[in-house]
Amino acid sequence: MSNRHLARSIVMQTLYQWDFRDKPSAALPAIIDELRNQFGKDLDENASYITKTAEAIITNIDAVDARITDYASNWPIDQMALIDRNILRIGVYELYINKNIPSKVAINEAIELAKNYGGPSSGKFVNGILGAMYNDIKEEESQKEASPVEEKST
């Protein structure tokens, strides 16, 4: 398992505990420290990624959850499996907010987390939602490229 994949696993576990405990933001540093000590002692180069990602997702939780709700209209976010919901949060964050992660990497990593930690259909569920988001992102980008630039009149 790569260090970045393990770091994402720790982020997912952090979000899971945070969500399960009714979202106590003050407890976030302790949750991260506990999980890093337990699973990622050798992840020094990814320590800031873990903290920044978890904090950024929580800071942007309303926007992230709204995006998930838009694409999973048949699955109310509060009725999704806790693990699937938090894996989707990482995927959405990496697709829309953290532009340093290539989209295909973000999706693939989320699918792998879902397969490893979720239920039998979690991988397909995560793939379907993040894949639809990716397709819309690509469509928006191609429309921007195809639209002519308006000339300014002087």
Quiz item: Is it true that some residue in the range 139-149 is modelled with pLDDT under 95, part of a loop (DSSP other than H, G, I, E, B) and of a type in the set (Lys, Arg)?
Solution: no
Quiz item: Would the range 88-105 turn up any residue that is basic (Lys, Arg), in contact with a helix residue (DSSP H, G or I) (Cβ under 9 Å, 6 or more places away or on another chain) and open to solvent by 30 Å² or more (accessible area, probe 1.4 Å)?
Solution: yes
Exercise. Restrict the check to the range 113-130 and report whether at least one residue is surrounded by 15 or more Cβ atoms within 10 Å (Cβ to Cβ) and farther than 27 Å from Ile32 by Cβ.
Key: yes
Quiz item: Just checking, which of Asn116, Asn74, Asn135 is of a type outside the set (Val, Ile, Thr) and closer than 20 Å to Tyr16 by Cα?
Solution: Asn116
Quiz item: For the range 1-56, what are the residues that are in contact (Cβ under 8 Å) with a residue 40 or more places away in the chain, open to solvent by 50 Å² or more (accessible area, probe 1.4 Å) and not charged (D, E, K, R)?
Solution: Asn3, Tyr16, Phe20
Practice problem: Mind telling me which of the residues Lys124, Lys115, Lys152, Lys104 ends up being over 24 Å from Ser25 (Cα atoms) and either outside any helix (DSSP H, G or I) or modelled with pLDDT under 95 (or both)? | Solution: Lys152
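Yes/no per residue for (1) hydrophobic (A, V, I, L, M, F, W, C); (2) under 24 Å from Glu55 (Cβ atoms); (3) in contact with a strand residue (DSSP E or B) (Cβ under 7 Å, 6 or more places away or on another chain):
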position: Ser73; (1), (2), (3): no, no, no
position: Ile77; (1), (2), (3): yes, yes, no
position: Lys99; (1), (2), (3): no, yes, no
position: Glu141; (1), (2), (3): no, no, no
Practice problem: Give the number of residues within the range 62-109 that are within 17 Å of Asn3 (Cα to Cα) and touching a residue at least 60 places away in the same chain (Cβ under 8 Å). | Solution: 2
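The values are calculated or read from the model by the stated rules, or taken from the named source; none is laboratory data. None of the values given here were measured: they were computed from a predicted structure. All Cβ positions, even for glycine, are placed from backbone atoms using ideal geometry, and neighbour counts span all protein chains on display. Ligands, DNA and RNA are stripped out before the accessible areas are found, and what is left, the full protein with its side chains, is counted by its heavy atoms. Shrake-Rupley method; radii C 1.70, N 1.55, O 1.52, S 1.80 Å.
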